[in-house]
Amino acid sequence: MLDEKPPAPFDWKNPDYSAILRERIARVARIRANPQDVPALKLYYKDHISDFINEFCITSDPRAAAKGRPIFMPFVLFPRQREMCDWVVERWLRGEPGTIVKSRDCGASWLIVSISAALCLFYPDLTIGIGSAREDKIDRSGDPDSLFWKLRTQLRSLPVEFTGGFDEMRHSAHMRVWIPETGSSVTGEAGDQIGRGARKAIYFIDEAAHLDRPRLIDASLASTTDCRIDVSSVNGTGNSFATRALDGKIPRFNFLWTSDPRKDDAWYQQMCLTLDPITLNQEVNCDFNASTEGQLIPAIWVQAAIDAHLKLGIRVAGERFAALDVGDQGADKNAFAGRRGILLERICSWSGKNSDIFATTVKAFDLCDAGEYRSFYFDADGLGAGVLGDARRINEDRGKAGRPPITAKGFKGSAAVDSPAGELVPGRRNEDYFANLKAQSWWSLRRRFEATYHAIGGLRPFEPDELISISSECGELSSLVLELSQPTYHLNSVGRILIDKAPDGCRSPNLGDAAMICFSPITRYIALWTKLGQ
């Protein structure tokens, strides 16, 4: 709030905190030279928690010592960390729960304690709970891995003007910290009965996917808070964290390693060498189905495809077109994907709640104009069937205004396969191998990801047109990665492949569906249809 941004971009891989430390020292000096401004500053930071963390809080990394850097450093938030902070505060203000699906080592623990500390410093009579399966994860004397060690360290490091009168010797006990000026507190609990009988403004569950008996904890927390925030890496689908994260009923925040500017392909390749495939896909790629039989597209394949055209030196060329997956005007979202050749260059979603199909179609046309797509496919099963008529009406209006038409073609996943006598899988006729066009299209997408994974690893020769590349700047990348690795497949009674897009009660993968439609085998007709204006 008080200062200009650093003059040069911050180097996250080789951080130099000297300029930031100098600015923090100058900031505190300005505050102490103008103590009358402190009340106004507190009012500002009360509504801008992420700014407070970014300008005053610290973090630590014991690994930094081996690189000749200080263990303690300013907590400089990168964009996704700031988004997580604002997202948590929004859940609290709305009085609703949330789940945070995270890769390992993304700073989520320090964010949890920093958010808790800041809220307690600026809001009166607030009670925040933090629960975990094991007590030593919550609080153990002298253990930097425990959450309350981080919390006390955070409070000790703040300028005295913002500590709220906190004194560690007087205002701290085992699994408890309180702020005397506001009367707010943070308490910790472990075991199966966390939260029972208590009332909390926010309750964080640390590593919720790894609780021993999560159903008991669900019961004990049922009346504790309106804002339960589960924070965890993934651990398969057989736990309540997975249910809460996948069923679409609770807001979800995805925090994948690809959003961390400290990590790159070299870091990921090191993880590939040091972790077994299931652990890699669960804890790094946030793949809920990593150990699921019949997973269609493993997350490791999807990760390989991010910017694959750059990694392989492929010049992107080909038709530009898009796909629209229509939501249900409720919790289900509309999704749009834009493609040029092998590159998935744009992906986005929006709620259709309190709207209609015509408004969704108008939005799709606007996105096509912005991306210079002259054609798009839409999901013509169910609600999407109405897009065709709306598209015709919109094109009539465009013609009157002297604007070029945009071709809209229906994609019916329930229809028969494309090119029945052809062989997407060598030796198997399409009509014998796939139950419908949806199964064929998802399988075609799987083959692209598999070929790309092998090409990136130098395992097989490749034809560029048979690959897929996902732009790292396409939009909702983290959500897309999770959704693409969600579907499973199985054989029906006559030996044909069926796709289950939402196994174990997961929400529909709208972004994944849009990408699948965009790369369906039937898109080879798009140039002809666009030319004919059909």
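When the chain is described by a simple charge dipole with +1 on each Lys and Arg Cβ and -1 on each Asp and Glu Cβ, the residue from 210, 138, 521 located farthest towards its positive end is 521.
Aspartates and glutamates near residue 67 by alpha-carbon distance under 18 Å, same-chain residues fewer than 8 away left out - which ones? The reachable aspartates and glutamates, counting only those whose Cα sits under 18 Å from residue 67, are 11, 16, 105. Between 415, 456, 395, the Cα set farthest toward the positive side of the dipole of segment 386-477 (charges on each charged residue's Cβ, about the Cα centre) is that of 395.
Work out the FRET efficiency for residue 425 and residue 192 from their Cβ-Cβ distance, taking R0 = 45 Å, and round it to the nearest 0.05. All intermediate terms of the calculation are to be shown ahead of the outcome.
On the way: r = 48 Å, r/R0 = 1.08.
The computed FRET efficiency comes out at 0.40.
Here is the tail figure for segment 108-168: Cα pairs spaced more than 19 Å apart come to 29 percent of all pairs. Taking other residues whose beta carbon is less than 12 angstrom from the beta carbon of residue 432, and scoring Lys, Arg as +1 and Asp, Glu as -1, yields +1. Lysine pairs in segment 292-532 whose alpha-carbon atoms fall under 26 angstrom of each other, counting only those eight or more residues apart or on distinct chains, come to 27. Dividing the convex hull volume of the alpha carbon atoms of segment 235-370 by its residue count gives 151 Å³ per residue.
With +1 on the Cβ of every Lys and Arg and -1 on the Cβ of every Asp and Glu, and nothing else charged, how large is the dipole of segment 226-374 about its Cα centre, in debye rounded to the nearest 20?
Numbers: 16 positive and 20 negative charges, 58 e Å.
Charge dipole of segment 226-374: 280 debye, to the nearest 20.
Beta bridges per DSSP, both residues in the chain: antiparallel share near 45 percent.
For residue 136 and residue 396, the FRET efficiency from 1/(1 + (r/R0)^6), where r spans their Cβ atoms and R0 equals 60 Å, is about 0.30. Where both bridge residues fall in segment 292-532, DSSP classifies roughly 60% of the beta bridges as antiparallel. More than 19 angstrom separation, counting every C-alpha pair in segment 78-259; what % is that? Percent of Cα pairs beyond 19 Å in segment 78-259: 55.
Ordering 106, 236, 93 by the projection of their Cα atoms onto the charge dipole of segment 78-259, which places +1 on the Cβ of Lys and Arg and -1 on the Cβ of Asp and Glu, puts 236 at the extreme positive end. Each of residue 86 and residue 414 was given a label point 7 Å from its Cα along the Cα-to-Cβ line. The distance between the two points is 4.1 nm.
Tell me, what are the semi-axes, in whole angstrom and largest first, of the equivalent ellipsoid of the chain as set by the roots of 5 times the Cα gyration tensor eigenvalues? Show your work: numbers first, answer last.
Working: eigenvalues 419, 129, 111 Å².
Semi-axes (√(5λ), whole Å): 46, 25, 24.
The spacing between segment 424-457 and segment 100-116, judged by their C-alpha centroids, is 38 Å. Working note: Cα atoms of segment 125-217, range along each principal axis, descending, whole Å: 43, 28, 18. The dipole here belongs to the chain: it is taken about the Cα centre, uses +1 on the Cβ of Lys and Arg and -1 on the Cβ of Asp and Glu, and is about 540 debye. Rounded to the nearest 10 degrees, the angle from helix 437-456 to the longest Cα principal axis of the chain is 60 degrees.
Annotation: the residues 224, 187, sorted from fewest to most other C-beta atoms within 10 Å of their own C-beta, follow the order 224, 187.
Of all the C-alpha pairs in segment 317-397, what % are more than 14 Å from each other? Spell out each step's value before the answer.
Numbers: 1899 of 3240 pairs.
Percentage above 14 Å: 59.
Length gained on full extension, residue 19 to residue 38, computed as 0.36 nm times the residue gap minus the Cα-Cα distance: 4.5 nm. For segment 107-201, the share of DSSP beta bridges that are antiparallel, to the nearest 5, is 50%. Each label point was placed 7 Å from the Cα along the Cα-to-Cβ direction; for residue 199 and residue 279 their separation is 4.5 nm.
A crude spin-label estimate for the pair residue 219 and residue 463, with each label 7 Å from Cα along the Cβ direction, gives 5.9 nm.
Dipole of segment 78-259, Cα-centred, from +1 at each Lys and Arg C-beta and -1 at each Asp and Glu C-beta, to the nearest 20 debye? Display every interim value, and only then the final one.
Working: 23 positive and 24 negative charges, 59 e Å.
Its charge dipole is roughly 280 debye.
Using the Cβ-Cβ distance between residue 145 and residue 454 with R0 = 41 Å, the FRET efficiency computed as 1/(1 + (r/R0)^6) comes to roughly 0.60.
No lab work stands behind these numbers, since they all come straight from the coordinates. This structure is a prediction, so every number in the text was calculated from the model and none was measured. Reconstructed Cβ throughout: ideal geometry from the backbone, glycine too, with neighbour counts over all protein chains shown.
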